[in-house]
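Asker: One structure, pasted below without further comment.
Nothing in this text is a laboratory measurement; each read-out follows from the coordinates by a stated rule. Nothing here was measured: the structure is a model prediction, and the numbers come from that model. Positions of Cβ are backbone-derived with ideal geometry, glycine not excepted, and every protein chain shown enters the neighbour counts.
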Amino acid sequence: MTFESFDPAIIIRALTIAALGGLLLGVGLRLTWAEVRDALHRCRLGLVLAVNFIAVPLVTVAVARLFHVAPEITVGMLLLAASPFAPVVPVFARMARADLALAAGLTALFPFLCAVLTPIACVLSLKAMEGAENLRFEFLSVLGVLLATITLPLVAGVALNHWRPNLARLVFRPVEVMSEIIGAASLAFVTLVEGRTVLGIGWKPLLAMLVVSELTFIAGYALGGRTTAARRVVALGTSNRNIALAVLVAINSFPGTPVVGAVVANGLLLILRGLLHVGWWRFVRPLPAHAQP
């Protein structure tokens, strides 16, 4: 392969798969099925699923149309909208002193669902978009990649924690550190490669994504459960989307288009506003001791 024919999408795909698979393996290594089941009883799971896989993508398309966002940039926003509960949500929940068990439980559950529901949500939402007739979503290809990258590592981690807990505790930290390093390298590399698109995306798409994220934050908090700690978790997970998952879907279905750059630009915005919410809850509106899980 000559330098001129080198395709950076190959490196982006490899780094993203390694980071996403490692992060989900790490999530599985710290969980048991009983912990996941017990944690999920503390939230309105049916409503949370409906909001994340139906309402958020539809709201994203509607807001993008309201702001007259270009179709390919809207697709990038849509891929983020269809990729809920980023692996960073448990970290945010711990910083905000929210319900960490619930955050871990939902972060473990949603990847299982994303492997199937994310492609379905993308296909259906694209049909509701104007100007997206020429954009082809590779459903079966994406489905296979997500099952191999998300579902298998997560199941392997939980199974290892169940059958060999001592080994799981031994390998958990190295797996977590390595996947975080690879994830940071992946995000840095894709930002560099897509730098022109990221810098040139304009203020309208970013403002539209900010509106979407705040609306979904409010919806997640309102439907998140009976306790404030649980509501904070669902609000963080509903408004902070999985950038690595969205990038992987974009690389597989829309290579060589501004879609990948749109995912990165809007994903970085979501991380920033997520940190702002965490900082507000931690330092300005902390939970009283009796309300912490």
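Asker: Given 0.36 nm per residue, what is the gain on full extension from Val171 to Arg196 after removing their alpha carbon distance, in nm?
Answerer: Stretched out fully, the Val171 to Arg196 stretch lengthens by 5.1 nm.
Asker: Give, rounded to the nearest 20 debye, the magnitude of the charge dipole that the chain has about its Cα centre when Lys and Arg contribute +1 at Cβ and Asp and Glu contribute -1 at Cβ.
Answerer: With only Lys, Arg, Asp and Glu charged at Cβ, the dipole is about 1020 debye.
Asker: How high is the relative contact order of the chain, given as a whole-number percent (alpha carbon pairs under 8 Å, six or more residues apart)?
Answerer: For the chain, the relative contact order is 35 percent.
Asker: Indicate the gyration tensor shape class of the chain (rounded, prolate or oblate), computed on the Cα atoms with a ≥ b ≥ c the square roots of the eigenvalues: a/c under 1.5 is rounded; otherwise a/b larger than b/c is prolate and the rest oblate.
Answerer: oblate
Asker: Also, I was wondering about something else. Return the distance in nm (one decimal) between the two label points of a simple spin-label model at His41 and Ser141, each offset 7 Å from Cα along Cα→Cβ.
Answerer: Distance between label points: 4.5 nm.
Asker: Now, a different point. Please find the FRET efficiency linking Val116 to Arg282, where r is the Cβ-Cβ separation and R0 is fixed at 30 Å, and quote it to the nearest 0.05. Could you put the intermediate results ahead of the total?
Answerer: On the way: r = 35 Å, r/R0 = 1.16.
Step by step, r from the Cβ atoms, then E = 0.30.
Asker: Output the peptides 190-202, 8-20 sorted from most to least packed, where packing is the average of other Cβ atoms within 10 Å over each peptide's residues.
Answerer: By packing density, highest mean first, the sequence is 8-20, 190-202.
Asker: Something else now. Need one number: nm distance between label points at Trp33 and Leu152, each 7 Å from Cα along Cα→Cβ, rounded to one decimal.
Answerer: Placing both labels 7 Å beyond Cα along the Cβ direction yields 2.1 nm.
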